[in-house]
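A short worksheet on the structure shown next.
Taken together, the values in this text are just the output of simple stated rules run on the coordinates, not laboratory data. As the structure is a computational prediction, the values presented were derived from the model and not from experiment. So basically every Cβ, Gly included, is an ideal-geometry build from the backbone, and we count neighbours across all protein chains shown.
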Amino acid sequence: MPARIGAVAGVTLTQLVRMRLFLVPAVICLLLLALQFLPYQAGISLEFQGAAQLQLIKDVGLGCMQLFALLFCVAATALLLPRDTEDRILYTILSKPVPRFDYLAGKALGVFSLLLIMVLLMDGMLSLLLHLRAESISQELRTALAAGGYSPQEMQPWLEQVQAAGNSLNTQRGILAALLGYGVLTSLTLLISSFTSGTIVSIIFALGAYFIGMFRHTLFAALSGGEGTTPIMRGAEQLCAILLPDFSLFTVADTASAGVHLSWSMLGGLALIAAGYILLHLFTATWIFARKEF
């Protein structure tokens, strides 16, 4: 029931805020973003002027968001079930008419809600920075071109290049695709946490699953020794594809910021893939959770 899932998600969100798990990675990432407001890029070298400077800022900002999302998803989700058991919250909730699926879905939704809030905050900060820096660069470029004898018509292609390198809808699509991937990672970490014992073990397994899913094709190509994929390796790769999501599908934020176009139909396909994996993880975790004795 959506009402029960929403209630558990609200409690989880409050619990995570009180635990202040997000503070350390968030402060580090926000500091890295804040450093980009300093005008130090202009004094590095000439290749960092104009559009290249904006691209550098975008790369740093997106890297900060991805680093925060990865650390927060795994650490926060892996800590929830052990903490609920230790604090007796789990027994209180399950003693009421709350299905285990609603409980687990609410936990995942609570983690993702706080992640969404933090990513939106970082995205807003990055968008503001790109807007201010693009305006500043455009003004400097306009002055320099005017001093060189360029007419307003001749300046326009250069100014359009700077504006195109700033924040764009395409970059926002890339961030949305990354959020879908971290939603899948949250549900996968919750599934792993349902059958492992201890937060550290869950974090190690979740990070291992993430990196295997991210570099699955490279890993199996290396294991085959460059002699072609054997039937056994193909079977193992197909089994791995069923059990572990291909997280490389969702890591398109960097390519989007570099100018590769992401269509809404592609995002819709990624959303369907993410929804399928999230439901698979939640139903499997529910099946495992129902067989545990509390």
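With R₀ fixed at 25 Å, the C-beta to C-beta distance from HIS131 to LEU267 puts the FRET efficiency at about 0.60.
Please work out the FRET efficiency for the pair LEU120 and ARG88, using the Cβ-Cβ distance as r and a Förster radius of 35 Å; give the result to the nearest 0.05. Present the calculation step by step, with values, prior to reporting the outcome.
Values: r = 33 Å, r/R0 = 0.95.
Efficiency, rounded to the nearest 0.05: 0.55.
For LYS107, a cut-off of 25 angstrom between C-alpha atoms picks up these lysines, skipping any fewer than 8 places away in its own chain: LYS96, LYS292. When CYS64, CYS73 are sorted by how many other C-beta atoms sit within 10 angstrom of their C-beta, beginning with the fewest, the order is CYS64, CYS73. Multiplying the residue separation of VAL260 and PHE195 by 0.36 nm and subtracting their alpha-carbon distance yields 19.4 nm. The simple Förster model, with R0 at 35 Å and r as the Cβ-Cβ distance, assigns VAL17 and GLN172 a FRET efficiency of 0.85. Among LYS292, LYS58, the ranking by other beta carbons within 10 Å of each residue's beta carbon, starting with the fewest, stands as LYS292, LYS58.
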